[in-house]
1. Got a number for residues in segment 102-142 being under 13 Å from the mean Cα position of the chain (by Cα) and at pLDDT below 95?
2. Quick one: in segment 94-135, which of the residues that are touching a Leu at 6+ places or on another chain (Cβ under 9 Å) and polar (S, T, N, Q) is most open to solvent (accessible area, probe 1.4 Å)?
3. Just checking, which of ASN67, ASN46 is at pLDDT below 95, surrounded by fewer than 18 Cβ atoms within 10 Å (Cβ to Cβ) and under 15 Å from the mean Cα position of the chain (by Cα)?
4. I'm trying to understand the selection: among the residues of segment 74-91, which are β-branched (Val, Ile, Thr) and either over 20 Å from LEU54 (Cα atoms) or surrounded by 14 or more Cβ atoms within 10 Å (Cβ to Cβ) (or both)?
5. Name the one entry in ASP53, ASP38 that is without any contact (Cβ under 8 Å) to a residue 12 or more places away in the chain and closer than 21 Å to ALA145 by Cβ.
6. Return only the number of the condition from (1) over 15 Å from THR36 (Cα atoms); (2) among the aliphatic types (A, V, I, L, M); (3) part of a loop (DSSP other than H, G, I, E, B) that ALA72 does not satisfy.
7. Could you figure out which of (1) part of a loop (DSSP other than H, G, I, E, B); (2) within 13 Å of the chain's Cα centre (by Cα); (3) not aliphatic (A, V, I, L, M) isn't true of GLU88?
8. So which of ASP38, ASP56 is touching a Lys or Arg at 6+ places or on another chain (Cβ under 7 Å) and crowded, with 18+ Cβ neighbours inside 10 Å?
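The values are calculated or read from the model by the stated rules, or taken from the named source; none is laboratory data. Quick caveat: nothing in here was measured; it's all calculated off a predicted structure. All Cβ positions, even for glycine, are placed from backbone atoms using ideal geometry, and neighbour counts span all protein chains on display. Ligands, DNA and RNA are stripped out before the accessible areas are found, and what is left, the full protein with its side chains, is counted by its heavy atoms. Shrake-Rupley method; radii C 1.70, N 1.55, O 1.52, S 1.80 Å.
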Amino acid sequence: MRPEDPHPAYFRGRPEPSSTARTPDRVRVRAVYPGTFDPFTSGHLNVVDRARDLFDEVVVLVAVNSNKHPGADEEERAAAVRASLPIEWTSVTVAAWSGLTSTYCHRNEVGVIVRGVRNTTDLHAEYQLAAMNQSLDVPTVFLPAQPELAAVSSTAVRTLGE
């Protein structure tokens, strides 16, 4: 930290902690919440809702993951996510994307990735992805699952729905 810079490096280029009092000068922060969302669950909806409180805009990024084989293509899953969101959530948009999340962030002026974590297994896997994205200049914010939603997973919902 330089003497003339009162904030640590992670605040450079971002709003100062007290910037809420200076709303006209405040930097707007867009976040992306990526996932395959096959299907979009109540846990996912909860993460989006809480991200809305933290960021000015949230993009739910319906991604293609070559390690997963969803039952619908990304456009169909994106449409299902849109249909699940309350209409009054005007700061939330949905996009389908095939590529690195960090590339989407750089191309669309998104400042942070949001990831939900249900348990330590999720956290371990997500931490590795977060480290990679940080090296590509996109930080990650983890939102722990609400206790009542920690057992909800897309896999479990698909299995129960079959």
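1. Residues of segment 102-142 that are under 13 Å from the mean Cα position of the chain (by Cα), as a first pass: 102, 104-105, 110-117, 126, 129-130, 133, 138-142.
Cutting the leftovers down to at pLDDT below 95 gives us 116-117, 126, 129.
Number satisfying all stated conditions: 4.
2. Per the criteria, the residue is THR103.
3. On the way: ASN67 fails: under 15 Å from the mean Cα position of the chain (by Cα).
Matching residue, one of ASN67, ASN46: ASN46.
4. Let us first name the residues in segment 74-91 that are β-branched (Val, Ile, Thr), namely 81, 87, 90.
Hit for segment 74-91 is VAL81, nothing else.
5. Details: ASP38 fails: without any contact (Cβ under 8 Å) to a residue 12 or more places away in the chain.
Just one listed residue meets the conditions, ASP53.
6. The failed condition is (1).
7. (2)
8. Values: ASP56 fails: crowded, with 18+ Cβ neighbours inside 10 Å.
The match here is ASP38.
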